[in-house]
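Here the structure comes first, spelled out in structure tokens, and everything after it is commentary.
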Amino acid sequence: MAENQNSHDQQASNDPSFSLQRTYIKDLSVEMPNAPEIFLEQEGPTVEVSINVGGQRLAETIFEATVTATVTTRIQDKVLYLVEATQAGIFEAANIPAEQLDPLIGIVCPTMLYPYLRANVADAINRTSLPALHLAEVNFQALYEQRIAQLAEEQNQQQDSGIILPPGATRQ
């Protein structure tokens, strides 16, 4: 009987597991460099949004994933406001096959964090007394696939030139 229990416990400890442990705002800034003069402008603003993801291993089965949004709103050539926010999360991923780990950190984790980021960005903009801005949905799988294609293209260009660069180095 004890052998069956040990066998069952060992089987359970080898099963893949994934869970969100904690979410937190890693960075949040709001700048209104041209206030209060910009409030007198009558023209409507233009909005630029940039989204980036990141991740790092903290321990054997513990990972931090991040989603960063930069929102720049301008009226003509003057910045109305600039919001930069990084939403982070701590995830536990145990017994995940190596080929599935990068997509997990690059697609699943950002997808889980993004609603928190959207809410925090909307709240930060709301506190400026300006009209609310809600970030659109993001397809993190498409972003991940674009990043993989871009990395493959960069590797092909490096191989074509015959020059091998160390990781993180760029051509001048």
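Descriptive notes on the structure:
- Calculated FRET efficiency for the pair residue 141/residue 119, C-beta based, R₀ 22 Å, to 0.05: 0.50
- If R0 is taken as 41 Å, the Cβ-Cβ distance between residue 94 and residue 40 corresponds to a FRET efficiency of 0.10.
- Between residue 150 and residue 129, the distance separating the two model label sites (each 7 Å from Cα on the Cα→Cβ line) works out to 3.8 nm.
- Potential lengthening of the chain between residue 158 and residue 59 amounts to 32.4 nm, from the contour at 0.36 nm per residue minus the alpha-carbon distance.
- Rounded to whole numbers, the Karplus 3J(HN,Hα) couplings from phi for region 138-154 are 10, 8, 5, 5, 5, 4, 4, 5, 4, 5, 4, 5, 5, 4, 5, 5, 5 Hz, using 6.51 cos²θ - 1.76 cosθ + 1.60 with θ = phi - 60°, and x at Gly and Pro.
- 3J(HN,Hα) along region 52-64, derived from phi through the Karplus expression 6.51 cos²θ - 1.76 cosθ + 1.60 where θ = phi - 60°, amounts to 10, 10, x, x, 8, 7, 9, 8, 3, 10, 10, 10, 10 Hz, with x in place of Gly and Pro.
- Relative contact order of region 57-144, defined on C-alpha pairs under 8 angstrom at six or more residues apart (%): 27 percent
- Karplus-derived 3J(HN,Hα), 6.51/-1.76/1.60, for each residue of region 113-126, Hz, glycine and proline x: 7, 4, x, 5, 4, 4, 5, 5, 5, 4, 5, 4, 5, 4
Only the coordinates and a few stated rules stand behind these numbers; no lab work does. Keep in mind it's a predicted model, so treat the numbers as computed, not measured. No Cβ is skipped: glycine too gets one built from the backbone with ideal geometry, and neighbour counts run over all protein chains shown.
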